[in-house]
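Inspection log for the structure reproduced underneath, given as structure tokens.
The values are calculated or read from the model by the stated rules, or taken from the named source; none is laboratory data. The structure displayed is predicted, hence computed values, not measured ones. Here Cβ is always computed from backbone atoms with ideal geometry, including for glycine, and neighbour counts include all displayed protein chains.
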Amino acid sequence: MSTIKDVAREAGVSLGTVSNVLNGKPNVKKENKEKVQKAIRKVGFQYNMAASFLRTKTSKNIGLIIPSITNPYYPELARGVSDSARIASLTVFLCNDDRDVSKEHRYVDELLSKGVDGIILVKPQMNLTELQELNRHTALVLVDVGEDIGTEFHVINVCDEQGIIQGMTLLRQYGHKKIAFVSGLLESYSSKCRVQTYRRCLADYGFDYRPEYVISGNYDWQSGYTAARQLMQLDDPPTAIFTSNDLMALGAIKSTLEKGIRIPEELSILGFDDIDMSNLCTPALTTIHQPKYEIGIESMNMLLACMNGETPKNGMKTILETRLVFRDSVGYA
């Protein structure tokens with residue numbers, strides 16, 4: 001069985017360098033790290049993580065809890081976390097809680113029992129007291145939480161307000177006044193922020209707020225399909241539908257095309273996320289781009305700083321920007 005000495009000999013580096021690579025220390029030169037990783041593969045070295053944990057009190061594992069693996073938004077975020085974790089020689093336990101607080105609790109307990117060094121929790125369902133308790137037990141980064149969460153947490157958010165304003169501005173420029181909005185589940189910070197910003201934009205533009213134009217979806221394409229059908233059956237249907245994510249927008253496109261409604265000639269549809277599928281549908285979806293992969297990278301970088309007892313480069317709270325991606329689904333009213 002190969003040993004750490006065999007790895008050092010093959011890589012042409014010191015035992016200390018090999019140890020630093022195995023333990024994820026950040027002060028190893030990139031070329032030396034690559035030499036060690038190549039040597040590990042060549043000599044077939046198997047690292048004893050259990051023994052390492054006893055020595056260093058770290059497991060080299062972190063947990064990532066997401067709401068839905070079936071929504072293409074989250075795998076791209078997870079890839080950002082995974083790629084950054086791999087560079088830091090960490091392993092990611094990916095957990096899917098289906099937006100169920102009982103599952104979230106169970107995953108948190110399981111991750112803590114495995115001795116993970118930190119947890120990234122996306123759209124947390126737990127209450128403030130529970131999050132505070134978790135924050136005392138492990139390094140913790142929260143993604144998509146309200147601005148009132150407090151200063152004790154490490155937080156990554158997207159500027160949802162900016163994205164809604166970008167979309168509403170576009171629709172206004174194209175002459176739309178009858179704009180419907182399909183929200184996500186309103187227990188999340190981002191969904192509430194998007195609805196509130198939509199209503200504020202209507203008021204700023206002098207457009208009427210019409211309750212029948214606002215429908216709550218659950219982020220899947222079926223809820224967008226149903227919402228669009230309901231909206232287009234109104235006596236005075238909207239000329240544009242703005243959805244809180246792309247999957248619901250794709251469902252809305254499917255629903256309206258089945259009814260023979262032309263997009264964008266008779267109805268404009270605007271999404272939010274910019275998942276890959278939004279560019280593959282016909283017509284291609286105009287949408288608000290969220291930096292999904294970058295959210296994952298920033299979350300992992302923030303967690304690493306937290307694990308090392310350091311102040312994150314951008315502070316305790318990071319807000320990433322959105323941008324408009326114009327394609328084919330928005331036209332003039």
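Restricting ARG172, ARG194, ARG200 to those that are under 18 Å from ILE288 (Cβ atoms), without any contact (Cβ under 8 Å) to a residue 12 or more places away in the chain and not β-branched (Val, Ile, Thr) reduces the list to ARG200. Of all residues in region 224-251, those satisfying the criterion of being over 23 Å from ARG327 (Cα atoms) and polar (S, T, N, Q) are THR226, GLN230, GLN233. Of the candidates VAL108, VAL101, VAL195, VAL116, the single residue that is modelled with pLDDT under 95, farther than 26 Å from GLU310 by Cβ and among the aliphatic types (A, V, I, L, M) is VAL101.
The number of residues in region 177-191 being in a loop (DSSP other than H, G, I, E, B) and touching a residue at least 40 places away in the same chain (Cβ under 8 Å) comes to 6.
Counting the residues of region 134-171 that are of a type in the set (Ser, Thr, Tyr) and more than 17 Å from MET302 (Cβ to Cβ) gives 1. Considering only residues in region 251-286 that are within 18 Å of LYS178 (Cβ to Cβ) and without any contact (Cβ under 8 Å) to a residue 60 or more places away in the chain, the one that is surrounded by the most Cβ atoms within 10 Å (Cβ to Cβ) turns out to be LEU267.
Of the residues making up region 205-220, one or more are assigned to a helix (DSSP H, G or I), outside the structural domain of VAL143 (by TED's automatic domain parsing) and surrounded by 17 or more Cβ atoms within 10 Å (Cβ to Cβ). Looking across SER183, SER191, one residue alone is farther than 14 Å from LYS317 by Cβ and in contact with a Gly (Cβ under 6 Å, 6 or more places away or on another chain). It is SER191.
Scanning region 287-306 for residues that are crowded, with 18+ Cβ neighbours inside 10 Å, over 15 Å from ASN245 (Cβ atoms) and charged (D, E, K, R) yields one hit, GLU298. Residues of region 138-149 that are in contact with a Pro (Cβ under 9 Å, 6 or more places away or on another chain) and surrounded by fewer than 16 Cβ atoms within 10 Å (Cβ to Cβ): none at all.
For region 150-191: of the residues being crowded, with 17+ Cβ neighbours inside 10 Å and β-branched (Val, Ile, Thr), which is farthest from PRO124 (Cα to Cα)? Filtering first and then ranking leaves ILE179.
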